[in-house]
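The values are calculated or read from the model by the stated rules, or taken from the named source; none is laboratory data. As the structure is a computational prediction, the values presented were derived from the model and not from experiment. Don't worry about glycine lacking a Cβ; one is built from the backbone with ideal geometry, like all the others, and counts go over all protein chains shown.
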């Protein structure tokens, strides 16, 4: 199945049936998020994977009682760095040099330019930037889920502060940004399952300068 075919198949599943998603498919979806491109290659977000039923039940109230949270096989929480720090930026480059076998001094000037640009900014400005990077990973994960014929629902409708508190994210230097429920559609209980996919027509969506 091509990516376009997969995207036409997928929809934001409103009711899931509780069926477990095979781990090999989950691993591919997570790998797609991990391999997503990010600004300067800093990869300033992480993905929290939740399968524990009791924890999902606790998170339900903080998710405005959206049933996908508890009916999903896996609940993914995309959490971005709360800000940029010199240690975080340098840590990314140190890891890259270790993996590539390249000399650390080869990126000294580039690292300094990033530290000088990002670190002095206000935390909210930096968090806004890291959060946008996490959405690239979210998009890649949604696409891979569709290719794997796994239903996935992206969700912004939740109490971020409550999630951060329940999952202890602020202590990890993270803040929740978006959720993605993974599972399989309830063919009889989901009102959206058989409705036609509707998007803007190409003539209105695409603006060309020739």
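Residue count for the stretch 68-91 satisfying the condition of being surrounded by fewer than 17 Cβ atoms within 10 Å (Cβ to Cβ), farther than 17 Å from residue 131 by Cα and out of contact with any helix residue (DSSP H, G or I) (no Cβ under 7 Å at 6 or more places or on another chain): 2.
Considering only the stretch 34-54, how many residues are part of a helix (DSSP H, G or I) and free of Cβ contacts under 8 Å to residues at least 60 places away in the same chain? Steps first, please.
First, pick out the residues of the stretch 34-54 that are part of a helix (DSSP H, G or I): 34, 39-41, 53-54.
Applying the additional criterion that residues be free of Cβ contacts under 8 Å to residues at least 60 places away in the same chain yields 41, 53-54.
Number of matching residues: 3.
Closer than 29 Å to residue 186 by Cβ and out of contact with any strand residue (DSSP E or B) (no Cβ under 9 Å at 6 or more places or on another chain): does that describe residue 57? Against the criterion (closer than 29 Å to residue 186 by Cβ and out of contact with any strand residue (DSSP E or B) (no Cβ under 9 Å at 6 or more places or on another chain)), residue 57 qualifies. Annotation note: Cβ proximity below 7 Å between a residue of the stretch 189-210 that is over 14 Å from residue 10 (Cβ atoms) and a residue that is surrounded by 10 or more Cβ atoms within 10 Å (Cβ to Cβ) (sequence gap 6+ or interchain) occurs for 189/15; 191/14. Taking the stretch 155-186 as the region of interest, how many residues are part of a loop (DSSP other than H, G, I, E, B), free of Cβ contacts under 8 Å to residues at least 24 places away in the same chain and under 22 Å from residue 142 (Cβ atoms)? Residues in the stretch 155-186 being part of a loop (DSSP other than H, G, I, E, B), free of Cβ contacts under 8 Å to residues at least 24 places away in the same chain and under 22 Å from residue 142 (Cβ atoms): 1 in total.
Only one of the numbered conditions (1) more than 30 Å from residue 3 (Cα to Cα); (2) surrounded by 15 or more Cβ atoms within 10 Å (Cβ to Cβ); (3) assigned by TED's automatic domain parsing to the domain that holds residue 7 is not met by residue 107, and that is (3).
To keep it simple, each residue is scored yes or no on (1) crowded, with 17+ Cβ neighbours inside 10 Å; (2) touching a helix residue (DSSP H, G or I) at 6+ places or on another chain (Cβ under 7 Å); (3) more than 30 Å from residue 56 (Cα to Cα).
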| position | (1), (2), (3) |
| --- | --- |
| 118 | yes, yes, yes |
| 123 | no, no, no |
| 130 | yes, no, no |
| 144 | yes, yes, no |
| 151 | yes, no, no |
| 167 | yes, no, no |
| 170 | no, yes, no |
| 178 | yes, yes, no |
| 196 | no, no, yes |
